[in-house]
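> The structure that follows is given in the form of structure tokens.
The values are calculated or read from the model by the stated rules, or taken from the named source; none is laboratory data. Bear in mind the structure is a predicted one, so any value in this text is a computation, not a measurement. Positions of Cβ are backbone-derived with ideal geometry, glycine not excepted, and every protein chain shown enters the neighbour counts.
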Amino acid sequence: MSAPRRYELVYIVSPDAPEEQVAAIHEQVDQTVQKMGGTLEKSENWGRRKLAYEIQHHKDGVYVLEVIVGGGELMKELDRKLKVIDQVIRHLIVRVDDEQRVVDRTRTRRQDTQARRRTARGLPPVPTEGERRRGDSGDDDGGEIGLETEI
């Protein structure tokens, strides 16, 4: 079995479907996630929205976002189930844990660079509270154009 990862599932339900049917589809997703040992972290019904382009003669649809933690087999099963539900006109599953790892790595690299530059200028590696209040982040590289203007 593959390691648990975080996924975002977005599906679009036909605008003709009643609210009870949208809730029933959500319940099917939730039951599948629980049955296969995953967890449903968040569920958001974004409501009826206009589609970017027409899908199966529909110009709008009901968007639903589900954030799920689980394995690859769970996602394959959800993909299979959503394909056979007639009221779901489109769905997309995206793994998002890699993006979070990239963001964390970039943030750490930026903080390390800022600390190294501040140390090279004889400043403490982390800005003091007084510097933060003044708006001096201490990480300027000399190439930025200031946006402040005096009147």
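> With surrounded by 12 or more Cβ atoms within 10 Å (Cβ to Cβ) and at positive phi as the only criterion, which of G47, G61, G37 stands out?
Step by step, each of G47, G61, G37 is checked, and only G37 is surrounded by 12 or more Cβ atoms within 10 Å (Cβ to Cβ) and at positive phi.
> Applying the selection to region 16-74, what residues are within 21 Å of V94 (Cα to Cα) and among the acidic types (D, E)?
Correct list: E27, D30, E41, E44, E66, E73.
> Here is a further query. Is one or more of the residues making up region 81-93 of a type in the set (D, E, K, R), farther than 30 Å from P125 by Cβ, modelled with pLDDT of 90 or more and in contact with a Lys or Arg (Cβ under 9 Å, 6 or more places away or on another chain)?
The answer is no, given that none of the residues of region 81-93 is of a type in the set (D, E, K, R), farther than 30 Å from P125 by Cβ, modelled with pLDDT of 90 or more and in contact with a Lys or Arg (Cβ under 9 Å, 6 or more places away or on another chain).
> Suppose the filter is part of a strand (DSSP E or B), surrounded by 14 or more Cβ atoms within 10 Å (Cβ to Cβ) and in contact with a Pro (Cβ under 7 Å, 6 or more places away or on another chain); does V10 pass it?
When the stated conditions are applied, V10 does not pass them.
> Please state which of the following conditions K83 fails to meet, knowing it meets all the rest: (1) farther than 23 Å from R49 by Cα; (2) of a type in the set (K, R); (3) surrounded by fewer than 11 Cβ atoms within 10 Å (Cβ to Cβ).
For K83, the exception is condition (1).
> A further question follows. Among (1) closer than 13 Å to E8 by Cβ; (2) in contact with a helix residue (DSSP H, G or I) (Cβ under 8 Å, 6 or more places away or on another chain), where does W46 come up short?
Going through the list (1) closer than 13 Å to E8 by Cβ; (2) in contact with a helix residue (DSSP H, G or I) (Cβ under 8 Å, 6 or more places away or on another chain), W46 breaks only (2).
> So, V96, is that one within 29 Å of L51 (Cβ to Cβ), at pLDDT 90 or above and not aromatic (F, W, Y) or not?
For V96, the condition - within 29 Å of L51 (Cβ to Cβ), at pLDDT 90 or above and not aromatic (F, W, Y) - is not met.
> How many residues does region 52-74 contain that are within 20 Å of D86 (Cβ to Cβ) and under 20 Å from the mean Cα position of the chain (by Cα)?
Total meeting the criteria: 4.
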